[in-house]
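The values are calculated or read from the model by the stated rules, or taken from the named source; none is laboratory data. For clarity, every value in this text was computed on a predicted model and none was experimentally measured. Positions of Cβ are generated from backbone atoms using ideal geometry, with glycine treated the same way; all protein chains shown enter the neighbour counts.
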């Protein structure tokens, strides 16, 4: 049976619930974590099984899964390797683990991935359907499906018909939060906190001055293009933040007054949509206002009453992102980080990707 390729096959969506119980959409993620917490809290790795079911339906025999070399033997295994290892138990294809470091080619000094490797194109023979990657034994493999995790992949793999999860078009849309908002803003029933893009403290000061009522109880400053809760500042008033420098590419956003757990714990939710279907979610809980697991938060069960409120909206968000990603890919969209021509920027004594 011929399947239409999904650009956004596995989605992690974040919502916060205000004091009246209304969900507000915060962001989408292209390489979501929290699958391990989902299994621990719900007693079953439903998200992983759903992803495996989707992959098994795709054509071809070779599944290439990108992981970072060395994470299998460190505490970081939970975030970067747990999902691939769990997934492999349910896959009915030939699985090839591929180290990111073994597939680096041209250093991109202006962008860093979640673990601050210098990102690059992958090794591959251009054109003619001959694209390949190197597996963990440094042998060439021609992939049919690629689970790229957060590794930035040359889009020509997709253009040759290889199913990439998630595609670079989907990744680019969700990497920039304002792009995500633009794509989903017309969905009926969606709530999105109002925001302004800023590049400096001067711009922040002006925005706060012009929107005193919106920010009278505080605001959120965060990078428009980062993840894992990095660089986020939450305030309790409209005053300028103390000892905080706004960098280019930041946004200031309306703060949603959340429902608190036991009167002291902040929380939001990470929900999962796989192959277009809502799977479930997890509460991310922290005493601090930034609730990401990577920032000290922990997972709790997301009650059914909250899941019901976000189920349909979550599926519509993924549908909208998938549709826009397909449009971009079909129109020859110029991907972020896809260089016109590599240039020498600096010389390092160590190999690229081994920092």
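Only residues that are part of a strand (DSSP E or B) and buried (at least 16 other Cβ atoms within 10 Å of the Cβ) were counted in the range 247-300, giving 27. The condition (being at pLDDT below 90 and either more than 29 Å from residue 313 (Cα to Cα) or assigned to a loop (DSSP other than H, G, I, E, B) (or both)) is satisfied by just one residue among 90, 116: 116. Which one is modelled with the lowest pLDDT among residues in the range 1-12 that are in a loop (DSSP other than H, G, I, E, B) and over 18 Å from residue 328 (Cα atoms)? Restricting to residues being in a loop (DSSP other than H, G, I, E, B) and over 18 Å from residue 328 (Cα atoms), the top hit is 1.
Residue-wise test of (1) more than 21 Å from residue 5 (Cα to Cα); (2) surrounded by fewer than 22 Cβ atoms within 10 Å (Cβ to Cβ); (3) modelled with pLDDT under 85.
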| site | (1), (2), (3) |
| --- | --- |
| 37 | yes, yes, no |
| 47 | no, no, no |
| 59 | no, yes, no |
| 76 | yes, yes, yes |
| 82 | yes, yes, yes |
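Within the range 191-210, the set of residues being touching a residue at least 24 places away in the same chain (Cβ under 8 Å) and either farther than 23 Å from residue 21 by Cα or in contact with a helix residue (DSSP H, G or I) (Cβ under 6 Å, 6 or more places away or on another chain) (or both) comprises 192, 196, 197, 198, 199, 200, 201, 203, 204, 205, 207, 208. Restricting attention to the range 199-217, and to residues there that are buried (at least 18 other Cβ atoms within 10 Å of the Cβ) and under 17 Å from residue 243 (Cβ atoms), which single residue is nearest to the chain's Cα centre (by Cα)? Per the stated criteria, the residue is 204.
A residue that is more than 26 Å from residue 320 (Cβ to Cβ), surrounded by fewer than 18 Cβ atoms within 10 Å (Cβ to Cβ) and within 24 Å of the chain's Cα centre (by Cα) occurs nowhere in the range 183-197. Within the range 247-270, residues that are at positive phi and touching a residue at least 12 places away in the same chain (Cβ under 8 Å) sit with their Cβ atoms under 7 Å from residues that are assigned to a strand (DSSP E or B) and surrounded by fewer than 20 Cβ atoms within 10 Å (Cβ to Cβ), at 6+ positions apart or across chains, in these pairs: 249/223. Among the helices (runs of 4 or more DSSP H) confined to the range 147-246, the ones with at least 2 residues that are at pLDDT 90 or above are located at 168-175, 177-184, 201-210. Of all residues in the range 13-38, those that are touching a helix residue (DSSP H, G or I) at 6+ places or on another chain (Cβ under 9 Å) and not in a loop (DSSP other than H, G, I, E, B) total 13.
Being more than 17 Å from residue 273 (Cβ to Cβ), at pLDDT below 80, touching a strand residue (DSSP E or B) at 6+ places or on another chain (Cβ under 9 Å) and buried (at least 17 other Cβ atoms within 10 Å of the Cβ) is the requirement here; does residue 67 meet it? In short, no. Within the range 255-263, is even one residue touching a helix residue (DSSP H, G or I) at 6+ places or on another chain (Cβ under 8 Å) and within 24 Å of residue 19 (Cβ to Cβ)? No: the range 255-263 contains no residue that is touching a helix residue (DSSP H, G or I) at 6+ places or on another chain (Cβ under 8 Å) and within 24 Å of residue 19 (Cβ to Cβ).
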